[in-house]
Amino acid sequence: MVRDIRPALVGRRIVSASLSHTDVLRGVTRPRLLRTLTGATVHDVTRRAKHGVIHLDQHRFILQPGMTGNLLIYDRPLAPEEARYAVLRARLDSGAEFVFRDIRRIGTLLLLDERGWRRYDDSLGPEPLDPGLTLERFVAGLRPSRAAIKKVLMDQRRLVGVGNIYANEALFCAGIDPSKPASRVGEAAWARLYQHTRRILQAAIDAEGTTFRDYRTGTGQPGNFQLELMVYEREGEPCRRCGTRLSGTHAIDARITVFCHRCQR
Ligand SMILES: [Zn+2]
């Protein structure tokens, strides 16, 4: 999404902004957000963890789309059904409109000054696709915990970017039981987990995200990763590797975990 919206935003000035609901705001009020956005210039748009980060004059405007949110650019007036779920709308001096759209409003919006941003950035773990994240650093960050490997893999303070879908998929491909304590995962299994986590995230980015309910890319197209899912949303279906019926549980982290009890040890 960031890749798609960046060209239309960088160098542009926001001439007006509106917000339909305040339940998506974290640590900022509607008047302060709209006052900060209006008249501000967009200097850059980047991604950190699961957030789109819009660099403004004195602030970072941080958007976490969650599972159903989209960051979109329109160079035409919005159709009624597009405007209906537009939570934030920002008109640019180019005439285009930047829209945060979220049907279920699971996403969140944050506004931080530079110091607040640095503190927040420091609290997040390394990026899985950072070339500097070696197998050794990956293992050193995750292994010290006795919690279930799935929970540890999704802990954004230890490693960012791995949500429920990708955790399910990576643990299946690595052949690791999602409930196994991280501290008891063996050397060979860590190497497989490192490799598959990075491979799956890269494949998802290349395929423009996972099609899940209302997911759309920054240009409004559906993502197409769903075709390649091995376990997610396949509870009760045969394992693609061994044919065993896939199991589902909410016991690990209250989210759905789908796994093969034969392939994952
Ligand atoms: Zn299997």
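The values are calculated or read from the model by the stated rules, or taken from the named source; none is laboratory data. From a predicted model like this one, the values you see are computed outputs, not experimental measurements. FYI the Cβ positions are ideal-geometry reconstructions off the backbone, even for glycines, and counts take in every protein chain you see. For the accessible areas, the whole protein counts, side chains as well, though only heavy atoms, and no ligand, DNA or RNA atoms are used. Shrake-Rupley method; radii C 1.70, N 1.55, O 1.52, S 1.80 Å.
Which of the residues spanning region 121-164 are part of a helix (DSSP H, G or I), open to solvent by 20 Å² or more (accessible area, probe 1.4 Å) and in contact (Cβ under 8 Å) with a residue 40 or more places away in the chain? Before the answer, list the steps.
Residues of region 121-164 part of a helix (DSSP H, G or I): 121-123, 135-142, 149-153, 164.
Now drop any that are not open to solvent by 20 Å² or more (accessible area, probe 1.4 Å), which leaves 121-123, 135-137, 140-141, 151.
Of everything in region 121-164, those that are part of a helix (DSSP H, G or I), open to solvent by 20 Å² or more (accessible area, probe 1.4 Å) and in contact (Cβ under 8 Å) with a residue 40 or more places away in the chain turn out to be D121, L135, K151.
Quickly run through region 235-256 and pick out the residues that are open to solvent by 70 Å² or more (accessible area, probe 1.4 Å) and either touching a residue at least 40 places away in the same chain (Cβ under 8 Å) or within 16 Å of the ligand (Cβ to nearest atom) (or both).
Within region 235-256, the subset open to solvent by 70 Å² or more (accessible area, probe 1.4 Å) is 235, 237-238, 240-241, 245, 250-251, 254-255.
Once the filter is applied, which keeps residues that are open to solvent by 70 Å² or more (accessible area, probe 1.4 Å) and either touching a residue at least 40 places away in the same chain (Cβ under 8 Å) or within 16 Å of the ligand (Cβ to nearest atom) (or both), region 235-256 yields E235, E237, P238, R240, R241, R245, A251, R255.
Just the residues that are closer than 16 Å to Y232 by Cβ and acidic (D, E), please, taken from region 135-175.
Within region 135-175, just E169 meets the criteria.
Looking at the structure I just gave you, is P181 under 16 Å from the mean Cα position of the chain (by Cα) and either farther than 30 Å from D4 by Cβ or at pLDDT 95 or above (or both)?
Numbers: under 16 Å from the mean Cα position of the chain (by Cα): no; either farther than 30 Å from D4 by Cβ or at pLDDT 95 or above (or both): yes.
Here the answer is no, as P181 does not meet what is asked.
Test G175 against the criterion of being open to solvent by less than 40 Å² (accessible area, probe 1.4 Å), out of contact with any Leu (no Cβ under 8 Å at 6 or more places or on another chain) and under 30 Å from G27 (Cβ atoms), and give yes or no.
Spelling it out, it is not the case that G175 is open to solvent by less than 40 Å² (accessible area, probe 1.4 Å), out of contact with any Leu (no Cβ under 8 Å at 6 or more places or on another chain) and under 30 Å from G27 (Cβ atoms).
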